[in-house]
There are 2 protein chains.
Amino acid sequence: MNGLPLPDYEAAPVNPAVRLAALASTDMAGVEALIADRASSATAVIPAIAHHLLDAGGKRIRPLITVATARMLGYDGRGHLPLAAAVEFIHSATLLHDDVVDDSELRRGKQPANKVWGNPQSVLVGDFLFARAFMLMVDAGSMEALHVLSRAAAVIAEGEVRQLAAARKVATTRAEYMDIIAAKTAALFAASAQVSPILAGAPAEVEAAMEVYGRELGLAFQLVDDALDYGGIAVELGKNTGDDFREGKITLPVALALEAGGADERAFWVRTMADGRQSPDDFDRAVDILKSHGALDATLEAARGHAARAVDALDAAPDNVWSQSLAALAEFVVERAY
Amino acid sequence: MNGLPLPDYEAAPVNPAVRLAALASTDMAGVEALIADRASSATAVIPAIAHHLLDAGGKRIRPLITVATARMLGYDGRGHLPLAAAVEFIHSATLLHDDVVDDSELRRGKQPANKVWGNPQSVLVGDFLFARAFMLMVDAGSMEALHVLSRAAAVIAEGEVRQLAAARKVATTRAEYMDIIAAKTAALFAASAQVSPILAGAPAEVEAAMEVYGRELGLAFQLVDDALDYGGIAVELGKNTGDDFREGKITLPVALALEAGGADERAFWVRTMADGRQSPDDFDRAVDILKSHGALDATLEAARGHAARAVDALDAAPDNVWSQSLAALAEFVVERAY
C-alpha cells in the first residue's frame, strides 16, 4: 500500500477503452516501459520530439489491440509487448511525417512537432522511430509478424501518397476515399490485431478473422474521426474540429455532400477546399451543408457497419473477457461520436 | 548469343568498382530485378520518384559490397540478393529525406526529387522504400541480419539529426564530425558488409572483421566526398562541387581549416557558413583557404588511413578474387580524389 488511491472503476461507467486498458494494465506498463526505453537517444532532440508525441495523451488503442488479442488467445510469452510498442512507434512516425506533409499550424488545437522543432527534425525523428520499430519487431522474434508489419508500413505510405494526390480534389469518390483510408489507417489496425495470433500460433482462420477485426475497427475509427472533425452528431465545434476542412481533405462526409448537393454547394466546396480560399464563417456553413444532406449521419452509419463487422469477426475467437472487451471497444469507437 | 557486344574489359584499365560489378554481374542483375520489382506500386508517383533516384546512375557500391562479401565467403544461397536490394532501398530512402532536410535547389548539378514532386511526396516515398527494404529483409530470412540493418537505420537517423544540429556551427570539432559521419554514412556501409557473413554462417571474427571493412570503407568514402566537394586535389570545380559550402555543412576540410586559421579566416567561415551570406567569389576563396592549410590533403590522408584499415580487415577473410576486388575497391575509393 503506497498510499495512492486505486481508480474506482465501479463508481461510474467507464468507457471500454479505459476498461480494456485497466484489464491490460500490467502488459501495458511493460509496453510503456519499452516505449520509453526505445525512444531514448543520446541525441537530445530525438527523445524530446518522440515524447512530444508519445506523451500527448494518445489512447494507445493500437498496442492495446495487440496486447488484448494476445491475451484473448491465451498467449503467455512476452513477444506481444515489443510488437505492441512497435505498432505505436510506426503510428508515431507516421504522425510526425503527416505533420510535415500537411504543413498544419495546429493539429487538434496543439502545435505539431514540426512547428516546434522544424520539418527536418520531424522527418528524421520519424525515421528514427520507424527504425526502432523494426528493432522492436526483431526482439519479438517472429519473421511472419515482421512481414505483416513491414507490409502494413508500405501500404500506409502508399495510402498517404494517394491521399495527397486526392487532396483538394472535389472529384474524389466515396470508393476512392474508402480505398485511401483502408491503406492509411485500417492497415495498421489490421496488422495490430493480426500479429498476436501469429505469435500465439493460432489457426489461420483465427489470424484471418483478427485481421478483419482490426481492419474493420480501423475503418470505423477513421470514419468517426472524419465525422468528429465536423463536430459529429452533437456538433460540438471547438479546437478539435475543422482540421480536415482547413487542409482541404475531402473525407467521406464531404464526398457524400458533394454527391448530393447542387451547383451552388459545389462552388462552395471548390472555393473552400479545392482553392483553399476560406473566410471565418465557411466552416459553419460547411457543417450546415453536411447536416442538410445527413452526411454526418451517413458517415457514422457506415462506421457503425464496419464496427459491427469487427464484432462479428470476434466469433472466430474464444469467448472470454478479452474478446468481450474487444467487442465493446469496437462499439465504443462509434459511440464516442454521439 | 543475342548479338549484344560484350564489354571489352581487357582493352583499358577499368576502375575496381566497375571490375567488381562485372565480377558480380549475375548477382547484381538479380539485385536490379528485385529493386525494379519492389519499387513498383499502383500509385504512379511512387515508382516515378523511386526511379528518379534508383536510375540516377548510382554506383550501387553498398549492394555490391553485400554481394561480394557473400561470394567471398562461399555463400551459395539467394538471401544476399534481397539484403543487397534492401541496403540500396535504405540508402535511397535516406537520400530522399536528406533532400527535404537540406532543402537544396540542386544536388550534384541535378534537381532533387523534392524539387520536382514536392517535399510531402519525397517524405512519403522515402517511407515507402524504407518499408519495402524491411520486406526485402524478411525475404532474406535472417533475423540477425534484420537486427543489424534496422539498428543501422536508427543510427543513420541519429547521425542525420546530429548533423542538422552541427550545421552552420563553426565550432564543430574534428571528433564531432567523425562521430557524425560514422553514424550517417559508415553505419550503412558496415551493415552492408556485415549481413552476408551472418547469412553465410561465417565465424564471429570474420563477421566482426567485415563490419570493420565496411565501416572504414564508409569513413574513407565520406571523407573523399567531402574533399571532392571542394574539388579534391585536382581542384576541378564544377557542377559537382560546392554543395556542402552552399548548405553550410561543416565537413572535415573546413573543420581543419578553422583549427589552423586566424581571426580573418574565421570571420569568413562565420559569414559564409554560419550566417549563410555568400557572394559568387566566396567558394573560390574557400577553396584557396583550404589549400593554404593543406586541409584537402589532410582530409584525403585521413581517408587513406581508413581505406588501409578496411584492406587490413580483409586479412580475416579468405584470399580470393572477391576479397582482392574488395581490397582494390577500398583503394580506389581514395584514388578517385586525385
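Annotations
- Based on Cα contacts under 8 Å between residues 6+ apart, chain B shows a relative contact order of 20 percent.
- The stretch between A:E105 and A:H51 holds 17.5 nm of extra length on full extension. This uses 0.36 nm per residue minus the Cα-Cα distance.
- Averaged over its residues, the range B:19-152 has an accessible area of 33 Å² per residue, based on protein heavy atoms and a 1.4 Å probe.
- When you restrict to C-alpha pairs under 8 Å that are six or more residues apart and normalise by the size of the range B:147-198, the relative contact order lands at 56 percent.
- Loop-located trypsin sites (Lys or Arg not before Pro) across the range B:213-246 with a Cβ neighbour count of 13 or fewer within 10 Å are B:K239, with loop assigned by DSSP.
- Residues A:T173 and B:A234, FRET efficiency given R0 of 56 Å [Cβ-Cβ distance, rounded to 0.05]: 0.45
- More than 43 Å apart - percent of Cα-Cα pairs taken over the protein assembly as shown: 30
- Buried on assembly, the range A:94-111 (at least 50 Å² less accessible surface than by itself, 1.4 Å probe): A:H97, A:V101
- Chain-alone versus full-assembly comparison, the range A:25-50, residues with accessible loss of at least 30 Å² (1.4 Å probe): A:T43
- Longest segment of chain A lacking GluC sites (Glu not before Pro) that sit in a DSSP loop with at most 13 other Cβ atoms within 10 Å: A:106-235
- Inter-label distance, nm, simple model (7 Å from Cα along the C-beta direction), B:K59/A:A22: 6.4
- Ligands, DNA and RNA are left out, and with a 1.4 angstrom probe the accessible area of the range B:189-338 is 39 Å² per residue.
- Whole-Å semi-axes of the ellipsoid equivalent to the range A:16-332 (Cα gyration tensor, √5λ, descending): 33, 24, 16
- Computed over protein heavy atoms with a 1.4 Å probe, the carbon and sulfur contribution to the accessible area of chain A reaches 53%.
- Spatial extent of the range B:37-147: Rg and Dmax, with the Cα atoms as the point set, Å: 14.8, 45
- Span-like helix check, chain B: qualifying full DSSP H segments, with Cα axial length of 24 Å or more and mean Kyte-Doolittle of 0.5 or more, are B:80-102, B:119-140, B:143-166.
- Mean shadow area of the range B:220-286, taken as a quarter of the surface of its Cα convex hull (nm²): 4.5
- Projected label points at B:E259 and B:A208, each 7 Å from Cα along the beta carbon direction, are separated by 2.9 nanometres.
- The trypsin sites (Lys or Arg not before Pro) of the range A:118-185 that meet both conditions, a loop assignment by DSSP and at most 13 other Cβ atoms within 10 Å of the site Cβ, are A:K169.
- Between A and B, accessible area buried - total, square angstrom, nearest 100, 1.4 angstrom probe: 3200
- Counting charges near A:R162 (Lys, Arg +1; Asp, Glu -1) among other residues having Cβ under 9 Å from its Cβ returns a value of -3.
- Between B:A274 and A:S292, the simple spin-label model (points 7 angstrom out along Cα→Cβ) gives 6.1 nm.
The values are calculated or read from the model by the stated rules, or taken from the named source; none is laboratory data. All values reported here derive from a predicted model rather than from experimental measurement. Ideal geometry is used to build each Cβ from the backbone, glycine not excepted, and the neighbour counts take in all protein chains shown. Areas reflect the complete protein model, heavy atoms only, side chains present, ligands, DNA and RNA absent. Shrake-Rupley method; radii C 1.70, N 1.55, O 1.52, S 1.80 Å.
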